[in-house]
Amino acid sequence: MGRAVKKKKKHWILRILVLLLLLILAAVILLGIRLVPTASRLQRALTARNCAVTLDVALDIQELTADQQKFLSILSRLTGLEETEWQELTLRGGYDGEAIRMDVYGRQGTLLTQLYLTSDCQAMNLHMVYDRAHSYLTEKAGLLARVLPDWNMGDYISLQQLEAAFGLELGELPDIQEGMERIQSGLSLPAMCGIILAADQWDREAQKLVYHITDSDSRLAYIRQIARKKGDSEWLKLLQLPEGMVLDVTIDLGGSQVRMGITGQLPETEQLADWSARLLWDGYTPAEGEISLMDQQVLNELSALLELLETILRQ
């Protein structure tokens, strides 16, 4: 009799466990059905060939190198703009899968220059800076109109050319294109479902995902563990985040296009006192055509002329 009761108890426990497993499986399936359209849309957005970018940065002058401070000072004196105009910047443009093009605006909303960034070339539009300098200097001293030539050179100057011409070491910008390609290569549909489920806050009604990410985040540790098991060295390299990093990320799926906002602390960018980024995926129409770089010999002559003018301005 006792054995029969024991077997009966085991039987009911087994049935309850099976029922619980079925309920869990049904919940996962239902959740998956609801998640897949959102995850699929997010995947399509984040793997799009273009992305509009707005970046607000405030430079910490005390953290800039002597050469970087000197460069900002030269720009300020030649263009007649306050140095603060070059210290709080808004960059607007986008990424088209090959290059990042950004218009650079100063504190008062003045268009200062343009940037062109690829894995092989980092360049700024010197033509725009020269036009502003020409206007300011000739207005200040009319005779300079006879000395300063009209612009008939290529529009852009590469970072290497700039350093060589002015004898400065300005440092390199990070390879954003490579980072974007690495991230996009791992954005599978299951990964997107995981990203949605791992959100700190998921506002289903507003279709908004919110994340607070640190370098010691358990979610990142779990992804690293999976990457190690798969032998995915690229993802492991990407997930080695700097100590002390804190990011707040918002992904808005409520509109016709996916928007992303990013703020936080990046320990390896001490030169930024503050920053924030806004991205609109599949919302950027790239400019057509290639940029034209200046000839180095012409640039050296222009550099000598600008140095002479800078000396005159100091007196």
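The values are calculated or read from the model by the stated rules, or taken from the named source; none is laboratory data. Please read all numbers here as calculations on a predicted model, not as lab measurements. Every residue, glycine as well, gets a Cβ built from its backbone with ideal geometry; the counts of neighbours run over all protein chains shown.
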Being closer than 28 Å to Arg49 by Cβ and either of a type in the set (Asp, Glu) or touching a Gly at 6+ places or on another chain (Cβ under 7 Å) (or both) narrows Ala206, Ala227, Ala277 down to just Ala206
Residue in the range 63-81 that is in a strand (DSSP E or B) and either in contact (Cβ under 8 Å) with a residue 40 or more places away in the chain or not basic (Lys, Arg) (or both) present: no
Expected single match for exposed (fewer than 14 other Cβ atoms within 10 Å of the Cβ), of a type in the set (Asp, Glu) and either closer than 21 Å to Gly289 by Cβ or at pLDDT 80 or above (or both) among Glu98, Glu172, Glu178 is Glu98
Of those in the range 279-304 that are of a type in the set (Gly, Ala, Ser) and without any contact (Cβ under 8 Å) to a residue 12 or more places away in the chain, the residue farthest from Leu168 (Cα to Cα) is Gly289
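Every residue, every condition in (1) out of contact with any strand residue (DSSP E or B) (no Cβ under 6 Å at 6 or more places or on another chain); (2) farther than 30 Å from Gln87 by Cβ; (3) among the basic types (Lys, Arg); (4) at pLDDT 70 or above, yes or no:
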{"position": "Leu14", "(1), (2), (3), (4)": "yes, yes, no, no"}
{"position": "Arg34", "(1), (2), (3), (4)": "yes, yes, yes, no"}
{"position": "Ser40", "(1), (2), (3), (4)": "yes, yes, no, yes"}
{"position": "Ala58", "(1), (2), (3), (4)": "no, no, no, yes"}
{"position": "Leu64", "(1), (2), (3), (4)": "yes, no, no, yes"}
